[in-house]
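Worksheet: the structure to be examined is printed underneath.
The values are calculated or read from the model by the stated rules, or taken from the named source; none is laboratory data. The structure displayed is predicted, hence computed values, not measured ones. To get the accessible areas, we keep the full protein, side chains included, count just its heavy atoms, and leave off ligands, DNA and RNA. Shrake-Rupley method; radii C 1.70, N 1.55, O 1.52, S 1.80 Å.
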Amino acid sequence: MRKVFLFSVLTVLAVAIFAAPVTIQFWHAMGGTDRIQLLQNLANEFMQQNPDIKVDVQYTGSYTDTMTKMIAAVRAGNPPDLVMIYDIGTQMMIDSGVIIPIQNMIDKDPSFDINTLVPASRGYYTVGGKLYSMPFNSSNPVIFYNKTLFEKAGLDPNNPPNTFEEFIEYAKKLTVKDANGNTIQYGFTFGSGEPLAWFFEQFMAVQNALLLNNNNGRDGRATKAVFANEAGLRIFNFFNEMIQNGSAINAGPGWDNARQIFISQRAAMLITSTSDVNMMVKAAQSGNFSLGVMFLPHPSGVPYGGVIVGGASLWMVNTNNAQREEATWKFLKFLESTDAQIQWSTGTGYFPVNKNAIIKLLYEGYYAKNPPYLVTVLQLLMSNVTPATRGGATGAFPQIRTAVDTAFGKMFTKAMTPQQALQWAQEQANQAIANYNSMY
């Protein structure tokens, strides 16, 4: 009798154990109440469909914070199952040896069609022919402009500038001074720090010019920077001319100040991320002005390349737990699905990385009703997929961006000429690459 009872108890316990849901941790860097809640809503929807899986969604701070915490968690032996890492962290994650390449999961799961991923997004996170992470919150920079201020300046709001030369002239015409000669409205504004360095990378891709050797580190490990050339100098001169003639204002480090200058209509044009489209549409409505969105301008006479995918992707961390690995892959496929990508894109402004989501939004008339969203998607889809537009791959990118931004500052203050500043940035980048490569 006692044996029967013991057997029954063990059976109940075994069933309870095996019936318990698998818990996976998802760390992300999407700040802001709306984005945090949207990711939680997607996780909730997934858990309703999959009651045997529990997703613990955690906001872990900025991209840099998330990377730092992930490294610490790996060292402590309790890493997350899925983590959001920014674009320039790609090579670092590959070199870390702690991840499961997404290609490995795709190769053993015929239910997932890799061709549904937008080629540009897929291309960025593909190194050596292998897709290492799953594109998710993808973006690139665009120019938002105030159509109402264009009209006041006598400019056609439906014919924005296409070239560097046209852009500089528009910026001059859109600059307004008061009776005392003080500038009360600038033609153009931008954020420095990481944003400005990112814009530099993008304008290199627009010219189909490489940042790093070995085809941007795509055909082999990058060993040096190659951006101190004619293409790079055009970009430095482009920004410098507008700063020196007073038609542009450097809003300072980060994104927020530049956004606010534009939103308050103290600047007529703003370069920022496509992920800001929701914010800008709402700002135009509350500020009672008409919003326009344009592609990045390019130097006259230079063949157009395209833009680089920015934002971040999702990485599977190797926890050596087959159950959690399977649950994570299932959740990841859900996030890449058509409906989930539509929810994410329309709720944030990031463009869908699933081609079917873009097609569905197009057929349903979403883009016709929301032209700013269409422009952000078109710029990406019209970009050529080349080594330049796939972006550079090196673990030294954070240091390189700091060097490029510092070089812009030296140029703006006239401590260096554009040529000197560009060359200095490349020298600093080469040292950073050498230091990184020495560790691997």
- Which residue, I88, I359, I168, tops the fluctuation ranking in a GNM of the chain built on C-alpha contacts under 10 Å? I359
- If the cut-off is 18 Å between C-alpha atoms, which aspartates and glutamates fall inside it for K330, apart from same-chain ones fewer than 8 positions away? E45, D52, D56, D81, D107, D109, D113, D339
- Would you mind working out the accessible area per residue for the chain, using a 1.4 Å probe, and quoting it in Å²? 42
- Extension gain from K54 to D178, taking 0.36 nm per residue of separation minus the Cα-Cα distance: 38.6 nm
- Across I271, I342, I71, the residue with the highest GNM fluctuation in the chain (Cα network, 10 Å cutoff) is I71
- Ignoring ligands, DNA and RNA, what percent of the accessible area of the chain is carbon or sulfur (1.4 Å)? 53
- Which aspartates and glutamates, on any chain, are close to K108 with Cα under 16 Å apart, when same-chain ones fewer than 8 places away are left out? E325, E326
- Query: Stretch S286-N370 to full length: gain in nm at 0.36 nm per residue minus the Cα-Cα span?
  - Reply: 28.6 nm
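Once a ≥ b ≥ c are taken as the square roots of the eigenvalues of the Cα gyration tensor of the stretch 340-421, is the result rounded (a/c under 1.5), prolate (a/b larger than b/c) or oblate (a/b not larger than b/c)?
prolate
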- Item | Residue-averaged 222 nm ellipticity for the chain, from DSSP H runs of 4+ at -39500 (n - 2.57), nearest 500 | -15000 deg cm²/dmol
- Task: Among the aspartates and glutamates, select those whose C-alpha is under 16 Å from the C-alpha of K414, and discard any that sit fewer than 8 residues away in the same chain.
- Result: E241, D405
- Message: Going by Cα centres, the stretch 380-431 and the stretch 147-202 are how many Å apart?
- Response: 23
- As a percent rounded to 5, the proportion of antiparallel DSSP bridges among beta bridges in the chain is 65
- Query: Which of V118, V377, V302 moves the most in a Gaussian network model of the chain with Cα springs under 10 Å?
  - Reply: V302
